[in-house]
Amino acid sequence: MNMDSIVSLCKRRGFLFQSSEIYGGLQGFWDYGPLGVELKRNVKEAWWSDMVNGHDDMNTLSGAPSPYAMEGLDCTIIMHPQVWKCSGHYDLFHDHMVDCRETKKRYRYDQINGRWVEAKGRKIFVTAPAGDEEQAHLTKQALKFFNLRNKHIDDLKWEGSVVCLTDLENFDEVLGPDAKSLGSLTEPREFNLMFKTFVGALSGEEGTAFLRPETAQGIFVNFKNVLDSTRHRLPLGIAQVGKSFRNEITPRNFTFRSREFEQMEIEFFCHPDQSQDWYRYWRDRRLNWYHKLGISGDNLIMREHHQGELAHYSIGTADIEYAFPFMSEGEYGELEGVSHRGDFDLRSHMEGKLDEKSADLALQLDADGNPKWKGSGKDLSYRDDLTNEKYIPHVIEPSAGADRATLAFICEAYTEDEQPDEKGKMKTRTVMKFHPRLAPIKAAIFPLVKKDGMPEVAKEVYLDLKKHFKVFYDEKGAVGRRYRRQDEAGTPYCITVDGQTLEDQTVTIRDRDSLDQTRIKIDECESVIRDRIGQ
RNA sequence: GCGGGUGUAGCUCAGUGGCUAGAGCAUCACGUUGCCAACGUGAAUGUCGAGGGUUCGAAUCCCUUCACCCGCUCCA
């Protein structure tokens with residue numbers, strides 16, 4: 001299967017268009033067409049209904065430690081700037097990068113370490129990416145630069161300890177991590193990963209605000225409000241669907257990495273002692289959700305992050321990943337991350353930005369010993385009124401990308417198979433095998449031919465079904481062609497009014513995947529479709 | 001951000017300095033129709049990605065720019 005034919009079908013049939021296409025397009029921005037918007041809405045509605053509105057809060061679900069409540073929330077895209085300072089996004093998303101002119105590689109400025117070394121009467125600063133192997137890398141680079149063999153390793157005279165590149169002012173004597181010549185690293189340059197805007201008429205620094213780079217923070221800052229207004233006890237999940245914005249350096253791969261995208265996030269608040277069990281519950285529950293909506297086991301994997309990959313505060317993170325066709329064999333792209341965030345987020349908004357690098361997650365201080373970014377000072381801890389225990393809840397965060405999920409469902413649905421034409425000759429058929437719940441159009445209604453009163457009856461059936469489902473009427477061209485058109489749109493059922501309909505009030509219903517046709521009464525159409533799409 | 005490639009009708013693509021820019025598919029109309037991309041006739045559709053330049057003449061050559069694809073880089 002090839003991504004180009006999927007992209008081409010998306011454009012042709014109205015799933016996805018490039019944003020501002022008539023002006024040449026805009027990198028990293030995409031529009032959903034008539035079919036795409038229905039598909040994406042169905043994805044979001046399936047998520048909301050399965051996770052929030054349809055959630056059974058009376059019983060203990062399979063794999064869960066106890067019953068739990070779910071609530072929804074819809075926060076603003078622009079929030080108080082302090083939110084991003086305390087969450088860590090402000091510092092993190094203002095990355096400084098250095099480029100190597102020689103190797104064309106780019107490094108994060110604060111993640112390059114190095115050390116002064118002298119040999120053959122020359123002193124240089126060798127560098128390596130920060131990590132366990134850095135001294136080995138430094139030695140290798142130094143030997144190579146001075147053209148020394150391993151047995152002359154003692155000729156290298158190291159000076160001082162390993163320091164970060166950020167401690168250096170001049171890069172003239174710096175050897176890049178993969179370079180052969182000195183001074184190939186550029187000055188650090190800033191990459192703004194958060195979109196900046198201005199609140200109020202004045203565009204001064206004091207009015208600066210940011211478009212949210214994730215929806216999660218809106219939930220954390222409203223945690224207390226939701227708790228107080230709903231009278232729930234923990235465990236409690238709060239869900240939100242909404243747009244987020246990241247000024248990605250390299251948007252790539254169709255809608256996979258967009259600069260404006262939609263997230264479906266849950267922040268699940270629970271007692272620290274139970275958090276491990278809840279983490280496992282959510283990880284498995286979320287993987288299952290994709291399975292049930294038709295993504296096959298082979299294309300979907302769960303990848304647990306290994307220790308070195310985990311943020312300091314996280315006890316576990318698992319990515320649910322899909323084998324997108326634009327990735328190479330054996331590679332997967334992230335659909336959703338499920339992470340155990342401990343009390344990091346709530347504490348950050350209480351106390352201020354925490355230092356992720358410190359073992360005990362201490363408050364990050366500035367040069368004067370004051371908090372670098374001050375928190376709200378509000379108490380976001382929870383008191384259990386049954387046990388009278390007071391604690392800061394731990395958080396499990398299943399964070400899914402609505403656009404990525406939609407794209408995965410599109411890729412998974414895309415199928416080319418062989419079906420006989422009217423003469424029995426095998427022809428290639430393109431069909432989008434969406435799960436009926438996700439299909440943009442649930443059923444199409446056709447008169448077999450455009451005469452003998454068939455269109456009139458078909459239109460009645462159409463208008464009647466339209467009250468319940470997204471349906472489509474088509475009378476143009478041969479019926480075979482109309483079936484194929486619906487196959488490309490992913491419509492699971494086609495209802496055809498034929499000669500027999502006029503005699504006994506029955507129609508045929510044709511299944512997209514099997515091509516089987518069964519005859520049902522007109523009155524049964526609604527219930528049969530409802531039954532088959534599982535609503 | 002770097003290197004390579006591409007950009008012509010809704011889609012897939014042909015057209016390498018010269019007449020009014022083409023094909024297949026798709027679309028629409030009329031006729032025909034009797035269950036899986038039928039057929040006939042006809043119609044509509046393009047600032048040749050955008051801007052500038054060279055030339056008597058540019059889709060074609062040059063410059064700039066935008067977008068997409070591949071490889072680096074990045075990816076809370």
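Compute the signed sum of charges (Lys and Arg +1, Asp and Glu -1) over the other residues within less than 14 Å, Cβ to Cβ, of A:Ser8.
In short, 0.
Based on the mean of other beta carbon atoms within 10 Å per residue, what is the order of A:337-348, A:264-275, A:125-136, A:29-40, most packed first?
Output ranking for A:337-348, A:264-275, A:125-136, A:29-40: A:337-348, A:264-275, A:29-40, A:125-136.
Rounded to the nearest 20 debye, what is the charge dipole size of the range A:492-535 about its Cα centre when +1 sits on each Lys and Arg Cβ and -1 on each Asp and Glu Cβ?
140 debye
What is the distance in Å between the Cα centres of the range A:391-445 and the range A:495-518?
Using only Cα atoms, the two centres lie 24 Å from each other.
Strictly over 18 Å apart at the Cα level, which of A:Lys11/A:Lys427; A:Lys196/A:Lys374; A:Lys224/A:Lys378; A:Lys44/A:Lys292; A:Lys11/A:Lys243 would you flag in this model? Don't skip to the answer; put the middle values down first.
Values: A:Lys11/A:Lys427 23 Å; A:Lys196/A:Lys374 21 Å; A:Lys224/A:Lys378 10 Å; A:Lys44/A:Lys292 15 Å; A:Lys11/A:Lys243 23 Å.
Beyond 18 Å between Cα atoms: A:Lys11/A:Lys427; A:Lys196/A:Lys374; A:Lys11/A:Lys243.
Have a look at the DSSP beta bridges in chain A and tell me what percent are antiparallel, nearest 5.
Rounded to the nearest five, the antiparallel share is 85 percent.
In whole Å and largest first, what semi-axes does the C-alpha gyration tensor of the range A:392-484 yield when each eigenvalue is scaled by 5 and square-rooted?
Semi-axis lengths for the range A:392-484 are 37, 22, 7 Å.
Taking only Cα atoms, what is the 0 to 90° angle, nearest 10, from helix A:402-413's long axis to the longest principal axis of chain A?
Roughly 50 degrees, rounded to the nearest 10.
With the contact rule set at Cα under 8 Å and sequence spacing of 6 or more, what percent relative contact order holds for chain A? Working shown, then result.
Values: 1011 pairs, mean separation 67.6, N = 535.
Once divided by the residue count of chain A, the mean separation gives 13 percent.
Tell me which of A:Ser66, A:Phe434, A:Phe245 sits at the most positive position along the dipole axis of chain A, charges placed on C-beta atoms (Lys, Arg +1; Asp, Glu -1).
A:Phe434
At a Cα cut-off below 27 Å, give the lysines reachable from A:Lys451, other chains included and same-chain residues fewer than 8 away excluded.
Reachable lysines: A:Lys423, A:Lys442, A:Lys459, A:Lys466, A:Lys467, A:Lys470, A:Lys476, A:Lys521.
Can you quote the Å³ per residue value for the convex hull of the Cα atoms in the range A:1-138, rounded to an integer?
In the range A:1-138, the Cα hull volume divided by residue count equals 317 Å³.
Per DSSP helix of 4 or more residues, -39500 (n - 2.57); summed, then divided by the residues of chain A. What does that give at 222 nm, rounded to the nearest 500?
For chain A, the value works out to -8000 deg cm²/dmol.
So if I place +1 on the C-beta of Lys and Arg and -1 on the C-beta of Asp and Glu, and nothing else carries charge, what would the dipole magnitude of the range A:379-443 be about its Cα centre? I want it in debye, nearest 20.
Using only the charged Cβ atoms, the result is roughly 480 debye.
Give me the distance in nm between label points sitting 7 Å out from Cα along the Cα-to-Cβ direction at A:Thr208 and A:Ala367, one decimal.
1.8 nm
What fraction of the DSSP beta bridges in the range A:384-535 is antiparallel, stated in percent and rounded to the nearest 5?
Roughly 65 percent of the DSSP beta bridges within the range A:384-535 come out antiparallel.
Between the range A:1-68 and the range A:106-166, how far is it from one alpha carbon centroid to the other, in angstrom?
Here the two parts' Cα centres lie 48 Å apart.
Quick one: what do you get for chain A if you divide its Cα Rg by 2.2 N^0.38 Å?
Cα Rg divided by the expected 2.2 N^0.38 Å: 1.21.
Taking only the C-alpha atoms, wrap a convex hull around the range A:337-455 and report its volume per residue in Å³ as a whole number.
Cα-based convex hull of the range A:337-455, divided per residue, equals 280 Å³.
For the Cα atoms of chain A, what angle does the longest principal axis make with the long axis of helix A:34-48, in degrees from 0 to 90, nearest 10?
Between helix and principal axis, roughly 70 degrees.
Might you report the magnitude of the Cβ-based charge dipole of chain A about its Cα centre, with Lys and Arg at +1 and Asp and Glu at -1, to the nearest 20 debye?
1360 debye
I'd like to compare A:437-449, A:294-306: which one has the highest average count of other Cβ atoms within 10 Å, and what's the full order after that? Intermediate results must be reported in sequence, preceding the final value.
Working: A:437-449: 23.5, A:294-306: 13.5.
With the highest mean Cβ count within 10 Å placed first, the list reads A:437-449, A:294-306.
The numbers here are math on the coordinates, done by the rules we state, and not lab data. None of these values were measured; they are calculated from a predicted model. All Cβ positions, glycine included, derive from the backbone under ideal geometry; neighbour counts span all protein chains shown.
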